Amino acid sequence: MSPASFIQSAGAGEPPAASAGRRAVGAARSLYWAGLGVLAEMGAEMGEAGRTLAGGFDRLVERGRPVAERAQRRSRQAADAADAAVERVRDGLRGLGTLVKDTVDYESRGLLRRLNVATHEDLRVLASRLDALGKQLDDLAAGQRSRDARDSRLSTLIIAGESGDQ
C-alpha cells in the first residue's frame, strides 16, 4: 500500500480531528517502514558495504546518546533556574504586598484622624474603658445595696426601740 493510498483510506467515517490524527500517525509509520526497507535493500545489494553502513549507523546512535543526555541535563538545569527565579519573584511580590498593605493602613489611619473619625483601635480602647466603668458602677451599686440593707436594719431596730419605750 502506498503512503498516499494509506492516508486516503485511514479514518473513513470518523470525526475530522480523529481522522486527521490517525492519518498523520499512519503516514509517519509508513515513512519509518519505508526507511527501514531502504536500509534493508541497501544492505542486501551492497553486501559487506551494507553491513559497514549498518555498523556506522549503530556508532552514530551510540555517539548521539551522550549528546542527548547532556541536552536533557542542560534543559533540567535551565528549568530549575527558571523555577528558582520565579520563586524569587514571588517572594518579592509577597514583600511588596505587605509593604502596600502597611502603607494603606497607615495612610487610612491618618485620614481618619484628620476627619476626626474613630478608628478600630480607638473603638477598642473605648470599649475597654466602658467595661472598666461598668465594673466600677456594679461595685458601687453593690456597696449601695449593702448600705441600704444596713440602714434598713438600723431603722427597724430604732423603730422597735421607740415602740418599746412607750
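Every number here is computed from the coordinates shown, using simple stated rules; none is lab data. Not measured: the values here are computed from a predicted model. Backbone-built Cβ (ideal geometry, glycine too); neighbour counts: all protein chains shown.
Miscellaneous remarks
- Treating r as the C-beta distance of Ser146 and Leu123 and R0 as 35 Å, the FRET efficiency rounds to 0.50.
- Taking only the C-alpha atoms of region 80-143, Rg followed by Dmax gives 22.7, 75 Å.
- Label-point separation in nm, Arg109 to Ile159, each point 7 Å along Cα→Cβ: 6.1 nm
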